[in-house]
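The values are calculated or read from the model by the stated rules, or taken from the named source; none is laboratory data. Because the structure is predicted, anything quoted here is derived from the model rather than measured. Don't worry about glycine lacking a Cβ; one is built from the backbone with ideal geometry, like all the others, and counts go over all protein chains shown. The area values use the complete protein model at the heavy-atom level, side chains included, leaving out ligands, DNA and RNA. Shrake-Rupley method; radii C 1.70, N 1.55, O 1.52, S 1.80 Å.
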Amino acid sequence: MAHATMFDDDDPFLAQVRLITANLPGAAEKVSHGRPALYTKKVFAIYGGAVKTDGDWVQHPQSVLVLADADERPALLADERTFVPAYWGPSGWIGVDLDDTTDWGEMAELIDASYRLTASKRLIAELDA
């Protein structure tokens, strides 16, 4: 069963995420479960997420889900812009809501860190070269 598309391809925040990931070696994008997923062999970022609250789904359509380093996760989750996404959260992922005040340098760092936790050693070496 195909999932409904849950993003706008013309979303300027999605465009910014795509710019950040454009130069990551081996990175590609696919639509998975209705959302853009960025991956090498493993997913390292997802555009958009959701949380189940009191039995209802609360969508975070303009957000980025990233795998957080275990040591940094508590500090990241203390930020009011972050949330523990459904399905991905128990595996260490966090969601970061985006808006007009988003620090894109910080987002690039979070995406880079997630990429490094999921990409092969060869791709990381290529990135660092």
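Residues to consider are 123, 24, 127; find the one that is assigned to a loop (DSSP other than H, G, I, E, B), surrounded by 13 or more Cβ atoms within 10 Å (Cβ to Cβ), modelled with pLDDT of 95 or more and over 13 Å from the mean Cα position of the chain (by Cα).
The match here is 24.
Could you list all residues from segment 61-75 that are of a type outside the set (D, E, K, R) and free of Cβ contacts under 8 Å to residues at least 24 places away in the same chain?
Here is the first cut: in segment 61-75, the residues of a type outside the set (D, E, K, R) are 61-68, 70, 74-75.
Within segment 61-75, 70, 74, 75 qualify.
Of everything in segment 66-88 that's under 22 Å from residue 108 (Cβ atoms) and either among the aromatic types (Phe, Trp, Tyr) or touching a Cys at 6+ places or on another chain (Cβ under 9 Å) (or both), which residue is surrounded by the most Cβ atoms within 10 Å (Cβ to Cβ)?
83
Can you tell me which of 63, 91 is farther than 29 Å from residue 129 by Cα and open to solvent by 10 Å² or more (accessible area, probe 1.4 Å)?
When all the criteria are applied, what remains is 91.
I'm checking my understanding of the structure. Among residues of segment 1-21 that are β-branched (Val, Ile, Thr) and surrounded by 15 or more Cβ atoms within 10 Å (Cβ to Cβ), which one is farthest from residue 120 (Cα to Cα)? Lay out the reasoning, then the answer.
The first filter runs over segment 1-21 and keeps only residues β-branched (Val, Ile, Thr), leaving 5, 17, 20-21.
Remaining after also requiring surrounded by 15 or more Cβ atoms within 10 Å (Cβ to Cβ): 17, 20-21.
Numbers: 17: 21, 20: 19, 21: 16 Å.
Selected residue: 17.
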